Each structure stands twice: as C-alpha cells, then as structure tokens.
Amino acid sequence: MTQTVSSKGRFRQCLTTFKWELYNCSGALLIFAILAAVFTTVILTICLVAGFTEATDSWSTANPSSIDFDAIKGAVKIFQIVASYAVFALNAVFTIIYTIRIYSYLHNKRKADMYGALPISRRTFYAAKTVSAYIFSIIPTMFFLSLIALISICFGQPLVNEVTGIYLNLLLGSIACISFYGLLAVCCGTTVNSVISFIAINFAYVVAALFIKGTATSFLRGLPLIIYENSFIMKALNPLSAYGGGNIIYWIIFTAACLALGIYLVKKRRAECAQTSFAYWLPAYMVKVLVAFDFGMFLGSIFGALGVLFIPFAGFMFGFVLGSVPAYVITHMILYRGVNKLVKTAIPLGGLVVVVAGVMFVLSFDLFGYNRFVPDAESVKSAGVIDLEDCYFKGKLNAVELGNLAADDCTDAKNIGNITDFHRSIINNFETADYNPYADIWYNMIMSGVGSTFYDSGYIVSYKLSSGFVSTRCYYETGVNYYDINTVAVDGILGSTEYYLRYSSIMNARYDEIISLGVSVPKDDGDRYDYLINSPIYIEEDNNNPTAKADIEKVMTAFRKDFAEHGEVKPNDAVVRIDIRYVKKDNAGGNSFLGAMIAAMSYSASSSGDRGYISEDYTRTLKAMREIGALDDDNNLEIQSWYYQNPYR
Amino acid sequence: MIEIRGLTKRFEKVVAVNRLDLTVREGTVTGLVGSNGSGKSTLLRMLAGVFRGEEGTILLDGRELFDNPAAKGECFFIPDFPFFYNNSTIENTAVLYRELYPHWSDEAYMRYCSVFPINTKDRIINMSKGMQRQAALILALSTCPRYLFLDEIFDGLDPVVRHLLKRILIEHVAEHQMTVIIASHNLRELEDLCDRICLMHRGSVLMERDIDSLRHEFRKVQIAFKQVPNVPNLFEGINAISVWRNGNVFNVTIRGTEEEFMPRLNALQPAYISAMPLTLEEIFISEMGAAGYDTNSIL
C-alpha cells in the first residue's frame with residue numbers, strides 16, 4: 001500500500017520548505033527592505049522639511065504660537081500617500097522576483113532532479129512554496145506600510161482612504177497574481193514561457209473582453225452591456241487588476257481555484273517537461289487563441305468599418321483571418337521556439353475563425369431580430385424610462401438593475417404607449433440612418449474600457465411583460481454613429497414629480513455623499529431667473545467649519561420633507577436655489593486604471609451635482625437655513641455668517 | 001529490496017525504458033552500464049521518484065516509490081549534474097536535508113566533512129566539478145540512506161577520492177546493508193565496486209549477472225600456431241563470440257569455462273595458448289556487439 005505521509009510531519013516539511021525559500025530569497029528580501037527604508041526616509045525627510053518651512057512661515061519670536069501645525073499634518077499626509085505607493089510599487093517589482101525564483105524549480109532539469117528526489121510530496125512542496133511567496137510578498141510590505149501609518153499617526157495624521165485601501169488591494173493582488181503565476185508555472189516547461197503566458201493572458205484577455213463588449217454594444221443596439229464595466233467578467237483572467245481593488249469575492253475564489261488546480265496538476269506533472277515548452281497545453285492554447293482573437297478583431301473591425309470587399313461582414317472576416325492567422329503562428333513560434341507542432345495545434349485557430357464567423361454573421365444580419373424588438377403595448381404589464389443624465393442611481397446600479405427599477409413605474413396604457421412610441425422612434429432612427437456597426441466597435445471598446453463617463457447621456461427603456469419577464473434596452477447618445485434621441489413622447493414622464501422623487505440626485509443622494517451645498521438667492525433687480533451664481537454661500541466641510549456636514553444634512557432633510565409636501569417649485573416661484581455636489585461612494589464607474597486616472601484628474605468625473613428650488617412654502621427648509629446661518633430673516637444670504645465671510649468663498 | 005516490473009518510460013515518441021524488469025537485493029552494489037541513451041539515467045530518476053513511468057511498477061520494500069515521502073526518505077539520488085544554488089554551501093544545504101531526511105546523522109555529517117578535503121562554508125557553485133560531487137556525497141551519506149542512486153559519480157573525482165568513495169560505499173554496504181545503484185561508463189571503477197552488473201541497451205536489460213560469474217563466464221584466449229590447421233571452421237564447437245586474427249595468432253573471446261573449451265583448443269595443437277578473464281569493458285563491448293552495437297555496425 002502506498003504510504004503518503006512522511007515520517008517527518010507535513011507541517012514540519014512545509015516549515016522546512018519555507019525556511020529554505022526564505023534563505024534563498026533572503027538577498028532579494030534584504031534589498032527590498034533597504035530600498036523601502038531608504039524611500040520612506042527620503043520621502044519623510046522631504047515632506048517634513050517642506051511642511052516645517054510652510055508651518056513656520058509666519059512664525060516669529062513675538063508670536064511664538066503662530067506655527068501652522070496643519071501645514072505639518074498636510075505634509076505628513078502627503079508623506080503617507082507617497083511613501084505608501086512607493087512601497088506598494090516596490091512590492092510589485094519584488095513579488096515578481098520572489099515568485100519567478102520560487103517556481104523556477106519546475107523549469108530546470110537539474111533543479112527538478114534535486115527537488116523531485118526530496119522526501120516531501122509534490123503537492124505539499126508546491127503549496128508550501130506558494131505560501132512562502134505569499135508571505136514574502138505581503139509581510140515585508142505590510143510591515144513598511146504599518147511603519148508609515150505609525151509615523152503618520154505619531155504626527156497626528158490618521159490614515160487616509162487612499163492608504164487604507166492599499167492593504168486589501170495588496171493582499172488580494174499578491175495572492176491572485178502569485179497563485180495564477182504558480183498555476184502557469186506548473187503548466188509551462190520554462191520560466192520564459194510562464195512569464196510570457198502570464199503577461200499575455202493578463203493583457204490579451206482584457207483586450208478580448210473589450211472587443212467582445214465593444215462588438216456586442218455596437219451590433220446589439222440597446223444592449224445594456226456597459227453595465228459589465230465593473231464586472232469580474234471583464235477581468236476574469238487579469239489578476240493584475242486585483243491590485244486595483246474590487247471584486248473581492250471573485251479574487252478570493254480565483255486564488256483558491258488557481259491554487260487548487262496547481263496542487264492537483266503538480267503531482268501529475270511530468271518532471272521531464274522542465275526546459276521543454278509546456279507540461280500542459282492549456283496556457284499555450286489560451287495565449288495563442290486570445291492573441292489571435294485580439295489581432296483578428298483589430299484588423300477585422302478596421303476592414304469592416306472601411307467596407308473592404310464592399311460588404312462589411314466580408315471585409316471583417318477578411319481582416320480577421322489576416323490578423324489572427326499570423327498572430328497565431330508568431331505566438332506559437334515564440335512559445336515553442338519554432339514551428340514544431342504548429343499544424344497539430346492549429347485546430348483551435350480553425351475553431352476560432354469558424355465561431356467568430358458564425359457569431360458575426362448572426363450579429364451583422366440581426367438574425368434574431370434583437371435590434372427591432374419593441375413589445376406590443378397590450379403585452380406590457382408596466383414600463384418605465386430613465387434619462388441617464390438625470391438619474392442618481394446611474395453608476396450605483398447597472399443598466400439591468402436600473403431597468404428592473406423602472407419597469408414598474410408606469411402601469412397606465414397611455415404612458416406605456418408613450419414609452420413604446422419613444423422606443424420605436426429610436427429604432428426607426430437607426431433603420432433610416434446609414435449605420436455601420438463595425439465603425440463603432442473601436443469606440444465602444446476603448447470608451448467602455450475607460451469608464452462610464454462617456455456613457456452618461458442616454459435612455460433606459462424597460463418593460464415588464466405579461467409573462468413577468470423584464471426587457472431592458474439602453475440607448476446611449478454616444479459613439480461614431482452619433483444620433484440624437486427625440487424624447488417628445490416621454491417628456492411628460494421624465495418631467496413628472498414622481499420621476500423627480502424617484503430618480504433625482506437631490507432627492508436621493510445620501511447625506512454622507514454630499515460634499516457641498518450651495519445656497520443662492522435671486523438678484524434684487526427682480527429678474528427671478530438671475531441668481532447670484534457667482535457668489536453663493538457654499539456649505540462645505542473644512543478645518544474651520546467641522547459642523548458643515550451636519551448643517552447640510554439639516555437643510556437637505558428639511559428640503560426633502562418640504563418637497564414631498566409641496567411638490568416641485570418652478571424657478572420663477574423660487575426664493576432660494578440650492579446646488580449640491582456629491583460623490584457616489586459606491587460608484588461603479590471609473591474602475592479601470594485609465595478610468596480611475598481620468599476620474600482623479602477631473603473634478604466633474606469624480607463628483608456630480610444637482611439643483612433644487614425653494615419657494616416660501618418650504619418653511620422647514622428656510623427655517624433650517626436660518627438656523628445654520630445661511631439666510632437672514634428676509635431670506636437673503638446672511639452676511640454675518642462664517643459661510644458668507646469665508647475669505648476663500 | 002527494489003523490484004521493478006514492466007517499467008516503461010517514454011519521452012514523446014522515444015521509449016527510454018522499455019518494459020524493464022529488475023530485482024535489486026538489499027545490501028548490494030549494482031552497476032548500471034549501457035550504451036548512450038540506453039535509459040540508465042532515466043531509470044535512476046524513476047528510482048529516485050523524479051520521473052514516473054507510464055507503465056509498470058517500482059516497489060521499494062513493497063512500497064510504491066513515486067511521491068511517497070516515507071519511501072523517498074530512505075533514498076538519496078546524486079544526478080550526473082547535481083544542482084546547487086549560487087549561494088549554497090554544504091553547511092546551509094545540510095539544514096534542508098537535516099529537516100527532511102528522517103535518518104540524517106550529524107555524526108556522519110561531521111565525519112564525512114572531515115574525510116573529504118572540502119570547506120563546508122565555501123559556495124559549492126564556485127567549486128570544481130569533482131569538489132561539487134564530493135559536496136553532494138557528503139550530504140548524501142549524511143542522510144544515511146538505505147538506497148543510494150548515483151549517476152556518473154566517478155566523473156571528475158581524482159583517483160584518491162575515487163578510491164576513498166569506493167571504500168566508504170563498501171563499508172556502508174557491509175555495515176548498514178545499504179543498497180547502491182551506480183550508473184557509469186567507467187567500467188573499471190564498477191568492476192572494483194559492484195556485486196552485480198546490469199547491462200542496458202535501448203531501454204531494456206540486456207544482461208544482469210553477478211560480476212564474479214560474469215568474469216568467469218567469458219575468457220579471452222590467445223592461440224598461436226606454427227602452421228594454422230587446414231580446418232574449414234577452426235573454432236567450431238566452441239562458443240566463440242569474436243575472433244580476431246593476426247597472421248598465425250588468433251585472439252578469441254569465448255563464452256564458457258576453461259574446462260569446457262581448452263580440450264578442444266589443445267586438440268588443434270597450438271604452439272602457444274593462454275586464457276585469461278575479460279575485463280568488464282571487454283565484456284561490455286562483446287555483449288553490445290552481440291546486440292548489434294559495435295564499431296563495425298556504427299561505421
């Protein structure tokens with residue numbers, strides 16, 4: 001009978017393996033520690049010098065208490081963020097080094113001889129090595145991040161959100177990437193192939209997913225696919241994106257799956273595959289198919305858009321074959337160091353071309369009538385329409401969820417008829433326009449990858465059919481084939497008080513999301529439309545006014561009660577106007593790296609605004625504004641208040 | 001005891017080991033010899049648990065060997081090119097083996113460190129080929145293996161260390177019933193050390209015999225005639241494997257004992273006749289020749 005438990009316990013074997021890896025990676029760990037310590041010290045020194053200089057600008061012996069301690073705290077805050085990201089970046093580099101080194105025992109015949117003969121089971125050994133890689137990647141970095149946090153706290157600067165997020169992202173990113181690389185290392189025969197496969201799958205998958213999404217969005221008009229921007233589907237094989245945060249459950253499952261598969265395969269792996277191309281063919285096929293698909297779509301969409309061969313579909317297929325076949329061959333030659341086994345492994349390429357041809361044929365000629373579908377008003381139980389430009393839940397909910405939310409809005413036949421008419425007018429617009437969906441693939445692919453910001457303008461139409469099924473279509477006013485959507489048929493619905501109550505930001509934004517409240521009053525000249533928009537009072541939290549959040553909540557609570565009681569106020573009838581700016585805390589938009597950068601650089605992308613009008617009937621709101629010092633008894637701006645006197649206003 | 005039954009190992013289309021059957025008794029030293037690519041190293045790797053055969057079994061005292069830490073803890077394999085990390089020293093590598101091998105002996109380690117002229121704190125990677133093998137031997141012997149698999153171990157060792165190694169191995173086998181399997185092309189060294197020889201060719205065992213009986217089984221006979229007898233087939237009735245003639249002098253390799261063939265040869269009335277045992281190398285060449293692997297067939 002096979003005895004599978006060593007006389008040395010499994011835990012002890014794992015510990016021994018860990019110590020052995022620790023010894024072998026000690027050089028790299030030491031370099032990491034030195035660099036992290038130097039970076040931290042340099043950044044701290046620079047920030048403190050700058051902070052102290054600023055803090056003591058106005059200091060004099062005559063006024064020794066005039067040191068601006070906030071400037072020091074600000075400098076420490078900058079130190080906290082910059083140093084944390086520097087250590088984070090350093091961790092990424094060194095994780096690559098540890099990981100490649102730790103799994104290289106699978107790719108060298110001499111190492112395979114040494115490790116293969118050791119009295120430790122392959123699975124235990126692999127698992128212990130993987131855990132070692134996790135520890136080497138995470139623990140030293142966590143140590144330095146904690147040190148940075150500790151220094152900041154000692155200076156009175158608590159952890160900022162940018163830094164607290166790093167801990168989880170680091171953890172998820174490290175374990176996901178290490179596990180995925182470990183799995184690829186088991187499947188590949190060389191370290192070079194493992195690295196190539198890791199990079200290629202990470203990037204080629206994302207590009208492929210974007211191409212699929214771009215194609216589906218372009219061909220299936222109304223398909224609410226942009227919703228999946230933040231879905232794990234878009235990054236399923238892109239563990240590098242786990243460093244960016246989000247999809248926590250998915251990345252945990254992904255890590256566990258990679259680890260389990262690696263442990264399962266490593267026992268069956270043929271040790272003699274070291275220094276050959278692959279031990280298991282799956283990564284080779286994945287890389288080749290994904291790269292071939294990407295290049296095929298690249299050329300195919302261009303040729304389709306240009307109308308090569310006079311028929312866009314024919315042009316697309318010509319371009320697809322022209323792009324995918326050479327890409328497949330070249331990738332094969334890189335992975336196999338030549339054309340060995342090229343013909344034998346070309347079946348997936350043939351399958352890819354056939355599948356793409358079939359799918360694109362169906363999409364090009366709309367064989368299932370998706371684009372023309374508008375339900376009969378009689379078969380609709382209820383329906384709804386949402387203007388994305390005026391919907392607080394956009395970004396928080398995806399388009400399907402928004403559709404589900406709106407589907408119950410209108411139950412009367414007239415409104416249902418208006419919505420189907422509106423829907424039909426959009427479709428008619430498409431059919432009469434000279435629309436080439438191939439021209440939109442690139443736009444939708446790139447823009448949807450950047451973020452939902454480019455899809456702000458559009459309409460969601462949804463129906464609850466008699467069968468109970470909810471059908472949702474989402475039409476964006478964007479793309480190369482730009483078109484206007486005429487909303488005449490649904491203007492009554494979109495302008496209704498019910499719609500305002502249900503979807504407007506001013507009625508639905510959470511108090512903790514509102515970052516500022518602007519209060520303005522009409523000019524004295526009696527022009528009721530001309531508000532003092534250049535000099536309103538802004539109620540926003542800062543060091544001098546820590547109660548602003550409470551003030552905002554007080555006014556907004558009163559406003560919402562008044563609105564519910566008195567209804568919407570026309571600008572002509574208003575005595576005060578309020579403007580809010582808010583940041584959606586659980587906004588799904590801008591999750592991509594590029595999207596996040598754009599969001600970070602653009603104020604409008606990171607925050608949104610809405611406006612409300614207040615008549616004299618809104619007694620609660622006016623009273624609340626007086627109480628916080630925004631208005632005087634005559635409903636004019638209170639010039640004695642801090643908000644008015646604020647020199648930075 | 002090692003029992004190998006129907007063992008087959010393929011590298012894609014190449015059959016490296018082909019339905020091999022072999023039994024190795026405990027406390028013996030077995031020499032694996034054979035042509036290049038005959039499957040010796042592959043067999044050793046399978047014995048060490050590095051490779052797994054596609055078919056057949058390897059049983060070590062009745063236990064399956066592959067991925068069985070308990071069984072592997074009693075074995076040690078030194079490949080033809082042992083691996084060491086750039087920063088590995090004997091001292092730090094010993095830490096790994098000490099933890100993993102159940103029979104590791106610090107006493108043995110100290111002893112072999114003093115026996116082999118090598119600094120345990122030096123980086124192994126910077127040592128000469130022979131010194132690296134000595135380092136591997138120190139570590140191997142310190143694990144007190146019951147089964148030791150050595151691939152081309154004599155390669156790079158100087159004559160003194162070769163002699164030392166043979167002494168140590170013989171001592172271990174005698175005292176601890178250690179079983180040693182050595183794959184080597186250095187037949188001269190194997191001749192001194194091995195109890196049994198296993199001749200491999202194209203993945204199969206061509207011959208497996210005790211070395212003493214092998215020596216007695218073959219004779220190299222030199223016969224000189226004043227006048228070569230006019231007989232159609234001079235050595236008919238004698239199991240002559242090869243005959244080489246130089247004028248009136250014949251060098252004949254004969255399978256059999258002197259009692260069997262001498263009366264027949266004396267009947268030819270030679271002017272001079274002498275018989276002596278074959279060296280292992282000569283047996284190897286003659287047996288491989290019989291299997292179609294000789295210089296004539298190659299050229």
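The values are calculated or read from the model by the stated rules, or taken from the named source; none is laboratory data. Computed from a predicted structure; not experimentally measured. Because the Cβ atoms are built from the backbone with ideal geometry, glycine has one as well, and the counts that use them run over all protein chains shown.
Cβ separations smaller than 6 Å between residues 6+ apart or across chains give the following pairs from region A:545-565 residues that are of a type in the set (Asp, Glu) to residues that are exposed (fewer than 14 other Cβ atoms within 10 Å of the Cβ): A:GLU553/A:TYR511.
Scanning region B:257-276 for residues that are surrounded by 16 or more Cβ atoms within 10 Å (Cβ to Cβ) and either acidic (Asp, Glu) or within 23 Å of B:GLY289 (Cβ to Cβ) (or both) gives B:PHE261, B:LEU265, B:ALA275. Of the residues in region B:34-48, none is farther than 19 Å from A:ASP113 by Cα, among the β-branched types (Val, Ile, Thr) and either outside the structural domain of B:LYS166 (by TED's automatic domain parsing) or out of contact with any Cys (no Cβ under 8 Å at 6 or more places or on another chain) (or both). Apart from one condition, B:VAL160 fits all of (1) β-branched (Val, Ile, Thr); (2) without any contact (Cβ under 8 Å) to a residue 60 or more places away in the chain; (3) buried (at least 17 other Cβ atoms within 10 Å of the Cβ); the exception is (3). Tallying residues that are more than 8 Å from every other protein chain (Cβ to nearest Cβ) and closer than 18 Å to B:ASN87 by Cα within region A:101-129 yields 6. Could you grab me the full set of residues in region A:375-398 that are modelled with pLDDT of 80 or more, assigned to a loop (DSSP other than H, G, I, E, B) and surrounded by fewer than 22 Cβ atoms within 10 Å (Cβ to Cβ)? If the condition is that a residue be modelled with pLDDT of 80 or more, assigned to a loop (DSSP other than H, G, I, E, B) and surrounded by fewer than 22 Cβ atoms within 10 Å (Cβ to Cβ), then A:PRO375, A:ASP376, A:TYR392, A:PHE393 are the ones that fit.
Evaluate the following for A:PHE198: is it surrounded by fewer than 21 Cβ atoms within 10 Å (Cβ to Cβ) and either without any contact (Cβ under 8 Å) to a residue 40 or more places away in the chain or not in a helix (DSSP H, G or I) (or both)? For A:PHE198, the condition - surrounded by fewer than 21 Cβ atoms within 10 Å (Cβ to Cβ) and either without any contact (Cβ under 8 Å) to a residue 40 or more places away in the chain or not in a helix (DSSP H, G or I) (or both) - is not met. Screening A:ALA209 on (1) within 20 Å of the chain's Cα centre (by Cα); (2) in contact (Cβ under 8 Å) with a residue 60 or more places away in the chain; (3) buried (at least 21 other Cβ atoms within 10 Å of the Cβ) shows it passes everything except condition (2).
Only one entry of A:PHE143, A:PHE94, A:PHE180, A:PHE136 meets the criterion of being part of a helix (DSSP H, G or I) and farther than 30 Å from A:ILE78 by Cβ, and that entry is A:PHE180. A single member of A:TYR250, A:TYR243, A:TYR285 is more than 28 Å from the chain's Cα centre (by Cα) and either at pLDDT 95 or above or in a helix (DSSP H, G or I) (or both), and it is A:TYR285. Scanning region A:373-412 for residues being under 26 Å from A:VAL583 (Cα atoms) and among the basic types (Lys, Arg) gives a total of 2.
Of the helices (runs of 4 or more DSSP H) lying entirely inside region B:51-169, those containing at least 2 residues that are under 24 Å from the mean Cα position of the chain (by Cα) and more than 9 Å from every other protein chain (Cβ to nearest Cβ) are B:129-142.
Which of the residues spanning region B:35-45 are at negative phi, more than 10 Å from chain A (Cβ to nearest Cβ) and buried (at least 24 other Cβ atoms within 10 Å of the Cβ)? Quick ask: steps written out before the conclusion?
Filtering region B:35-45 down to residues at negative phi leaves B:35-36, B:38, B:40-45.
From what is left, the residues that are more than 10 Å from chain A (Cβ to nearest Cβ) are B:35-36, B:38, B:40, B:43.
Once the filter is applied, which keeps residues that are at negative phi, more than 10 Å from chain A (Cβ to nearest Cβ) and buried (at least 24 other Cβ atoms within 10 Å of the Cβ), region B:35-45 yields B:SER38, B:LYS40, B:LEU43.
Conditions tested, residue by residue: (1) within 30 Å of A:TYR280 (Cβ to Cβ); (2) assigned to a helix (DSSP H, G or I); (3) more than 14 Å from every other protein chain (Cβ to nearest Cβ); (4) at pLDDT 90 or above.
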position: A:PHE32; (1), (2), (3), (4): no, yes, yes, yes
position: A:PHE39; (1), (2), (3), (4): no, yes, yes, yes
position: A:ILE46; (1), (2), (3), (4): no, yes, yes, yes
position: A:THR53; (1), (2), (3), (4): no, yes, yes, no
position: A:SER66; (1), (2), (3), (4): no, no, yes, no
position: A:LYS73; (1), (2), (3), (4): no, yes, yes, no
position: A:PHE79; (1), (2), (3), (4): no, yes, yes, yes
position: A:VAL82; (1), (2), (3), (4): no, yes, yes, yes
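Residue pairs whose Cβ atoms lie under 7 Å apart, sitting 6 or more positions apart in sequence or on different chains, and linking a residue in region B:86-105 that is more than 11 Å from A:THR16 (Cα to Cα) to a partner that is of a type in the set (Gly, Ala, Ser) and surrounded by fewer than 16 Cβ atoms within 10 Å (Cβ to Cβ), are B:PRO102/A:SER7. Would region A:623-634 turn up any residue that is modelled with pLDDT of 85 or more and within 22 Å of A:ARG502 (Cβ to Cβ)? Checking region A:623-634: not a single residue is modelled with pLDDT of 85 or more and within 22 Å of A:ARG502 (Cβ to Cβ). Among the residues here, B:GLY6 qualifies as away from every other protein chain (no Cβ under 11 Å), more than 20 Å from A:PHE125 (Cα to Cα), loosely packed, with under 15 Cβ neighbours inside 10 Å and not aromatic (Phe, Trp, Tyr). Across region A:322-357, the number of residues qualifying as among the polar types (S, T, N, Q), assigned to a helix (DSSP H, G or I) and within 13 Å of A:TRP281 (Cβ to Cβ) comes to 0. Based on what the data block shows, is A:PHE469 on the phi < 0 side of the Ramachandran plot and modelled with pLDDT of 85 or more? In short, yes.
Each residue in region A:486-526 was checked for being in a loop (DSSP other than H, G, I, E, B) and farther than 20 Å from A:LEU388 by Cα, and 5 of them qualify.
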